[in-house]
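In what follows, a structure is listed as structure tokens, so that the remarks can point back to it.
The values are calculated or read from the model by the stated rules, or taken from the named source; none is laboratory data. No experiment lies behind these values; they were computed from the predicted model shown. No Cβ is skipped: glycine too gets one built from the backbone with ideal geometry, and neighbour counts run over all protein chains shown. We work out accessible area using only protein heavy atoms, side chains counted, and drop any ligands, DNA or RNA first. Shrake-Rupley method; radii C 1.70, N 1.55, O 1.52, S 1.80 Å.
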Amino acid sequence: MFIERLTADISLPHKPKTGKQAYDMLLRSLRDEIKEKQDILSELDSEDVKQRFIEKGKVL
């Protein structure tokens with residue numbers, strides 16, 4: 001069986017009181033971070049941004 005190791009630096013809004021609360025806070029933080037990265041990828045994937053990046057070497 002292959003087990004992949006995932007690592008990330010995740011900050012929690014406050015110190016959890018229980019393991020379940022820590023787990024829920026971790027999932028919420030990861031979802032927020034993934035959403036932010038997806039938004040960035042969506043922006044970078046647009047044809048206009050691609051063209052500007054290629055032509056001018058900068059985005060936005």
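A compact table of results
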read-out	value
Any hit, region 33-52, residues being in a loop (DSSP other than H, G, I, E, B), within 14 Å of the chain's Cα centre (by Cα) and exposed (fewer than 10 other Cβ atoms within 10 Å of the Cβ)	no
Residue count for region 1-32, restricted to those that are of a type outside the set (Phe, Trp, Tyr) and either assigned to a helix (DSSP H, G or I) or in contact with a strand residue (DSSP E or B) (Cβ under 6 Å, 6 or more places away or on another chain) (or both)	13
Residue in region 2-18 that is open to solvent by less than 100 Å² (accessible area, probe 1.4 Å) and among the basic types (Lys, Arg) present	no
